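To start, the structure itself, in structure tokens.
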There are 2 protein chains.
Amino acid sequence: MLKRLVVGRPFRSDRLSHELLPKRIALPIFASDPLSSVTYATQEILLILSLGGVAFLHLTPWIALAVVVLLVVVVLSYRQVVQAYPTGGGSYEVASQNLGRNAGLVVAGALLVDYVLTVAVSVAAGVDNIISALPELNPHRVLINLVFVLLLTAVNLRGVRESGRTFAVPTYAFVAGVLIMIVAGLAETLAGHRPVAESAHYDIHAEQAGLTGLALAFLVLRAFSSGCTALTGAEAISNGVPAFRKPKGLNAARTMTAMGALSIAMFSGITLLALIAQVRIAENPCDLAGFPGSCENAAQRTVIAQIAAAVFGGDHSAGFFYIQATAALILILAANTAFNGFPLLGAILARDRYLPRQLHTRGDRLTFSNGIVLLAMVAAALIYAFDGSTTRLIQLYIIGVFTSFTLCQAGMVRHWNQELRTATDPASRRRVRRGRAINAFGACFTGVVLVVVLITKFSGGAYLVVIAIPLLFLLMRAIRRHYQQVREELAPDETGTLLPSRVHAVVLVSTLHKPTQRALAFAKAARPDTLTAITINVDDTETRELQRVWESHDLAIPLLVLESPYREIARPVVNYIKKLRRDSPRDVICVYIPEYVVGHWWENLLHNQSALRLKSRLLFEPAVMVVSVPWQLRSSTARNLERLDRLPGDVRRGIPAHRPRRTGQPR
Amino acid sequence: MLKRLVVGRPFRSDRLSHELLPKRIALPIFASDPLSSVTYATQEILLILSLGGVAFLHLTPWIALAVVVLLVVVVLSYRQVVQAYPTGGGSYEVASQNLGRNAGLVVAGALLVDYVLTVAVSVAAGVDNIISALPELNPHRVLINLVFVLLLTAVNLRGVRESGRTFAVPTYAFVAGVLIMIVAGLAETLAGHRPVAESAHYDIHAEQAGLTGLALAFLVLRAFSSGCTALTGAEAISNGVPAFRKPKGLNAARTMTAMGALSIAMFSGITLLALIAQVRIAENPCDLAGFPGSCENAAQRTVIAQIAAAVFGGDHSAGFFYIQATAALILILAANTAFNGFPLLGAILARDRYLPRQLHTRGDRLTFSNGIVLLAMVAAALIYAFDGSTTRLIQLYIIGVFTSFTLCQAGMVRHWNQELRTATDPASRRRVRRGRAINAFGACFTGVVLVVVLITKFSGGAYLVVIAIPLLFLLMRAIRRHYQQVREELAPDETGTLLPSRVHAVVLVSTLHKPTQRALAFAKAARPDTLTAITINVDDTETRELQRVWESHDLAIPLLVLESPYREIARPVVNYIKKLRRDSPRDVICVYIPEYVVGHWWENLLHNQSALRLKSRLLFEPAVMVVSVPWQLRSSTARNLERLDRLPGDVRRGIPAHRPRRTGQPR
């Protein structure tokens, strides 16, 4: 029932092809991550520069400019990718096809890690903005985070198209709101009413005062690394190309451009307004001279919240709440990018046998449910471990992004080189050369940024990612090797299997009751070459009683008693079967186990489970078939009619519990 | 390996009869509980009287006298029980045979609860005495408690006789030590050197000062109830009669008398010395004026510790440490009484089908292992929930004891009445009349005490027991009813079962590999009337590929494709089988499921488990046999040789891992 409520009715497999997205829906779904990251990118730059004191804040525009340039390069590069590889493998496919399997796997590992972090960071930042508007929620930060992860999981288990509809409105609302805020703020400034942030009068206690030379350069590079969070998720579109309408590649490229333009406009505008309104923010609020309230417990307002309050006239204005609400929404929905990307990538990796096959199974609603649940669990664990702190989580971020950026662009360069070998007419050669130039520049630029990010973020938590990506890499290779080995081992014999010459039936008997009688009847009906009933003597009295009853029933089947001085069940049976096998190695042994099927889980507690354990032990013996002959207790049929009459899926499909039984169907 | 270390090598079933106990070993095993309770009985009386202030302590001798009288009555009564019922059912057997099933079940519930509390209280009191000697252990109280429960579990899993040997020495050492301490203390007093307790100069802040009338009577009754803890475990011998040597009844009765005499001597002596040495003790140390150290964190010394220190010359004397060590030992070993009694009672109840059958299974060392483990778990949970506090745990105690005392004695009265009807010669009639008088007096006395205990302890925690005993009663009746129903349902048909007319074999195929080939070969070898291979179409491409391979292999078995638009496995198969059954209701259907057996648990994660789920679903269909055809992957045979070559029990029996394989045994 719960599952049906959350997930909805299952979809038929043939509905799959209809789940395609027009550009205006694809943009909010895939671009909500890069668009939403403008809410924290500026803030992260300011946070780092603040470590050096107020004086260093004048470096902000230059750092922002570098980020914008990087963004342009990445967008241009990925426009090439989506058109050259419209199958949705994205960076993973580009890297593995051009740079080899191992490069592809590194990219895959990096992307998987980054999808998880996208969920964690976006949800955490969204909750930050909610708390900026409603500070009294601060004590419940982690709980609110986890609730949102849960909600996202539920929404995504319901399927792609509903996600699109759900997410388009808030994304566009946010973009419109921010653009209006920027225009309004700039207009106010030009009109002479410069907006002033609530923190403008704070002084910052510099943790690293008077930096010069290398130390200064390091601080600037750290600020730049943090600003690069604006780029996260830029590759999401390249992994989602198959979800676009045709022409998929071109539509994806256009969506990419729109996303880039919006990102740049919003990021630049917010940074500009932050400087105009003199927003002050610090990693530790206790470093802010003038911060009201307890700097231990109270939370600082996010940069975007402070700007909105300054532009729209205070933290009770409608504009402030509008921006906070849409910012929180888009951030939490940005996590949805990962909920689209992670399961898709997981399914591709599972198809290539690098991940467990279950990730390739589509759920009731045609989504890759297992991937969705896996992503949600890991992200929730991260949020819990890092107390839902955006600033701490963001330290782990971006490394994966730039690993995949760099490898993907490098792969594209090789791709163009191969194209160049076959391209003949000047126009296409020109196109290829231009593409190669863009991607080569992109590869170099993102490669440098990767090194910068690695150096500046390593000690802050990024080392975890540096450990995680190679681990994932090795794990995926091991999984692939395992599948390969099993596949080779199980490859069918072309000659077919030798037919066993005879069948020996062995019926396990503990006491003579209806299940045993049924097992004996079924065994007889199968007309084996030999038929023996065996019982294990654990208790002399019981065994003698069984022998007495056996004889009184005149069953015409010999009852063999196996001694078990140590009161074991499995050993005597296995030894007996080994002996049978030794005597006639070409035969097959069919072990019948009478079982009774109970209707309630607790009934299992009341019946010895030795038969089950014996069954799993027998499976390790070659040339043995284990036959379960079930006897359905009334509790399994009558009392639990409503449960057992349903097959998996009934509840979700809305098939009523008490279907009329077809007549003529014996029970 | 761990199990072998803890439990030891298994015993053969035929060793069972040798596990009988001579009286000198039976006394410490079964009487350690009543003997050990003298360590806390006096203390519990003083604790309650202290609530009224120092003035009320002069009531102690009268309360102690009442307890001694009660002890004499109970010992005399139970001497009758063990001789009349030497089968070891004890109070349970007496009550159910004479007062009916329901009375017996109430007794059984009460005894089960009390065994658990015996473990919890005795271990907690033992740790109290350890902490009296080594106060720095106080912060680790609960942990130490749990470690002792674990140790007791291990010792008892090793078997009865070893327990006897292990427990005889400390019990006798304790008895000797206490008797010497009493004699020495009295001698000192007579010689004019009255021993003085360290707490003699404390003043007690009376929580209930100036009590009179009913309130006073209530306090006295509460003190008496607490003193009755001296009687706990008195019935243990009656439950353990079968473990005695012959003549079992007489030997048990003599042990009972010895136990009673020792109990009375020690309890009286300790109470006398506590009064002479003016021991002061309070439920809350903060009520003691003069208590040194923090009354919040420090623990009071137990009464017996204070007496030992006073008699033997301080808390660094050898005598003090000897008494504390043996008191702690006997208390912790007293818990062993319950480890003997609980599993035995559990096995009897399981034999009578009031508890799950597993409790009737003897483990490797012929002990009722499941009962031992169950007892340990519940007792550990209680200790954890009550922070290992003896005073709080003791509130739950005694109700069960007196419930079973009263019902048992009442049952004995009816027993004698019946005997009287058949007894003819005057000597035996006299004997029966005397027995009836003793038991009638015992029933009345213990009945009154039960009411007193119920009233005075109810609010202090005893209400939990008042809830638990009826719950256990209802549970046991429900279990019995379930077993009865199943038994009736499964009673063999005298006519035998009708043989099914034909066998339809259905082989489930997902892909054509060696396991499928083997399943097909085995199915063919069984020569069914019809043989069909079926596959479920979840993915069109894969199904077409399977059909292609199928045809290329020329298998001469039709491959039926079942559609599954909702990507389910179970439903199409079950529907197909239902249809087969409708078409030929008198036939049996044999479903072959190819399985591959993996060697490591994690390999299961990499393979879809849909076959397993299908199997358990098919068991609910009537007239279906489910045949598992295992294919052993190399990892299950080669790599895990050492694990899979061993059968359950090997490790414990010391069979080496790499046994030479018998030649001629094909794999």
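Quick look at the numbers
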quantity: Ordering of B:141-149, A:283-291, B:25-33, A:241-249 by packing [mean C-beta count within 10 Å, highest first]; calculated: B:25-33, B:141-149, A:241-249, A:283-291
quantity: Debye log10 I(q)/I(0) at q = 0.17 Å⁻¹ for the stretch B:503-632, Cα point scatterers; calculated: -0.93
quantity: Order of B:F458, A:F620 under a 10 Å beta carbon neighbour criterion, fewest first; calculated: B:F458, A:F620
quantity: Percentage relative contact order, chain A, counting C-alpha pairs under 8 Å, at least six apart; calculated: 20
quantity: Under-22-angstrom lysine pairs by C-alpha in chain A, whenever the two are 8 or more apart or on separate chains; calculated: 7
quantity: B:I204 long-range amide H proximity, modeled H, under 5 Å; calculated: B:V54, B:A289
quantity: Gap separating the Cα centres of the stretch A:242-305 and the stretch B:470-520, nearest whole Å; calculated: 63
quantity: Within 10 Å of each Cβ in A:507-520, the average number of Cβ atoms from other chains; calculated: 3
quantity: With eigenvalues of the C-alpha gyration tensor scaled by 5 and rooted, the stretch B:508-583, Å; calculated: 20, 18, 10
quantity: Per-residue Cβ neighbour rank within 10 angstrom, fewest leading, B:C590, A:C444, A:C228; calculated: A:C444, B:C590, A:C228
quantity: Degrees, to the nearest 10: B:248-276 long Cα axis against longest axis of chain B; calculated: 50
quantity: Calculated over the stretch A:33-183: convex hull of Cα atoms, volume per residue (Å³); calculated: 183
quantity: Three-way shape label, the protein assembly as shown, alpha-carbon gyration tensor, a/c 1.5; calculated: oblate
quantity: Spacing of the two label points (7 Å from each Cα toward its C-beta) at B:I557 and A:R481, in nm; calculated: 3.5
quantity: Copy-to-copy label separations for B:G100, where each label sits 7 Å from Cα toward Cβ, in nm and ascending; calculated: 8.6
quantity: Exercise: per-residue mean of other protein chain Cβ atoms within 10 Å, B:535-545; calculated: 1
quantity: No Cys partner within the rule (Cβ under 4.7 Å), chain B; calculated: B:C228, B:C408, B:C444, B:C590
quantity: Mean projected area in nm² (Cα convex hull; one quarter of hull surface) for the stretch B:72-158; calculated: 8.2
quantity: Mean Cβ count within 10 Å, highest first, over the residues of peptides B:317-323, B:132-138; calculated: B:317-323, B:132-138
quantity: Long-range amide H partners of B:E595 with built H, under 5 Å; calculated: B:V629, B:W631
quantity: Cut-off 14 Å between beta-carbons: net charge of the residues surrounding A:Y115, Lys and Arg +1, Asp and Glu -1; calculated: -3
quantity: Nm distances between copies for A:C295, ranked from closest, using label points 7 Å along Cα→Cβ; calculated: 4.5
quantity: Cα-only Debye scattering, the stretch B:22-483: base-10 log of I(q)/I(0) at q = 0.05, 0.11, 0.12 Å⁻¹; calculated: -0.17, -0.83, -0.99
quantity: Label spacing, shortest first and in nm, from B:R544 to its equivalents in the remaining copies (7 angstrom along Cα→Cβ); calculated: 7.1
quantity: Peptide B:76-85 - average C-beta neighbours from other chains (10 Å radius); calculated: 0
quantity: Charge context of B:P500, other residues only, Cβ under 13 angstrom, K/R +1, D/E -1; calculated: +4
quantity: 5 angstrom amide H check on B:C590, placed H, neighbours 5+ away; calculated: B:H504, B:A505, B:V506, B:M625
quantity: Chain B, helix-only ellipticity at 222 nm - DSSP H runs n ≥ 4, -39,500 (n - 2.57), divided by all residues, nearest 500; calculated: -20500 deg cm²/dmol
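Quick note: the coordinates plus some simple rules give every number you see, no bench work behind them. Quick caveat, the model's predicted, so the values are computed rather than measured. A quick note on method: Cβ atoms are made from the backbone with ideal geometry, for glycine too, and the neighbour counts reach across all protein chains shown.
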